[in-house]
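The block underneath contains the structure these notes are about, expressed in structure tokens.
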Amino acid sequence: MTSGEGLLETMSEAIDPVGLMQRVADQTVELIPGADGVMIGLADRQGVSFVWGAGVNASHVGTRVNLDSSLSGLAIRRRQMLWCHDSETDPRVDKEVCRRNSVGSAVCIPLIRERETLGVLATSDPVPMRSPKRMSPASSTWPTPSSSPSVSRVNSRA
């Protein structure tokens, strides 16, 4: 393989949307304290289909949730980051899906491009958050409106 072919192959891999989203999922698990799993889902009019996953959620790719009865759907509809400290007590979550996928706590971040909400990035931990430092959006590792234009844009439209 020539160096030009190698560069072309590397560039193709770098801009491949499927590969890129899987890398985002993989890196999220590594970068967010307390996130034992992550799933990235694409939204349509009825629900969210999770098509990429990493960590403990990798085996749950293919899960689908309703826009009207899930935290992921609510994050998409409101266009803002939401979190659930305990999936057994939070009325916004789909308890059956959470139990089946071993989700005790979660953070859902809508994925927005211009005016369109494309999907959601959902991090999770199998146990409820008993400490605010575990996977808490208040921790310094999460984007804030002042540090992230995409979060600012999401929150300003909520």
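To keep it simple, each residue is scored yes or no on (1) in contact (Cβ under 8 Å) with a residue 40 or more places away in the chain; (2) in a loop (DSSP other than H, G, I, E, B); (3) under 14 Å from Ile40 (Cα atoms); (4) under 15 Å from the mean Cα position of the chain (by Cα).
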{"position": "Thr89", "(1), (2), (3), (4)": "no, yes, no, no"}
{"position": "Val97", "(1), (2), (3), (4)": "no, no, no, no"}
{"position": "Val107", "(1), (2), (3), (4)": "yes, no, yes, yes"}
{"position": "Pro110", "(1), (2), (3), (4)": "yes, no, yes, yes"}
{"position": "Leu121", "(1), (2), (3), (4)": "yes, no, yes, yes"}
{"position": "Val127", "(1), (2), (3), (4)": "no, yes, no, no"}
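Contact annotation: residue pairs with Cβ atoms under 7 Å, 6 or more positions apart or on different chains, pairing a residue in region 51-62 that is touching a residue at least 60 places away in the same chain (Cβ under 8 Å) with a partner that is surrounded by 18 or more Cβ atoms within 10 Å (Cβ to Cβ), are Val56/Asp36; Val56/Gly37; Asn57/Gly37; Asn57/Val38; Asn57/Met39; Asn57/Asn101; Asn57/Ser124. Across region 151-158, a minimum of one residue is classified as open to solvent by 60 Å² or more (accessible area, probe 1.4 Å), modelled with pLDDT under 50 and either in a strand (DSSP E or B) or among the basic types (Lys, Arg) (or both).
The values are calculated or read from the model by the stated rules, or taken from the named source; none is laboratory data. Keep in mind that what you see is a predicted model, and the values were worked out from it rather than measured. Glycine also receives a Cβ, built like all others from the backbone with ideal geometry; neighbour counts cover every protein chain displayed. These accessible areas exclude ligands, DNA and RNA; they are computed on the full protein's heavy atoms, side chains included. Shrake-Rupley method; radii C 1.70, N 1.55, O 1.52, S 1.80 Å.
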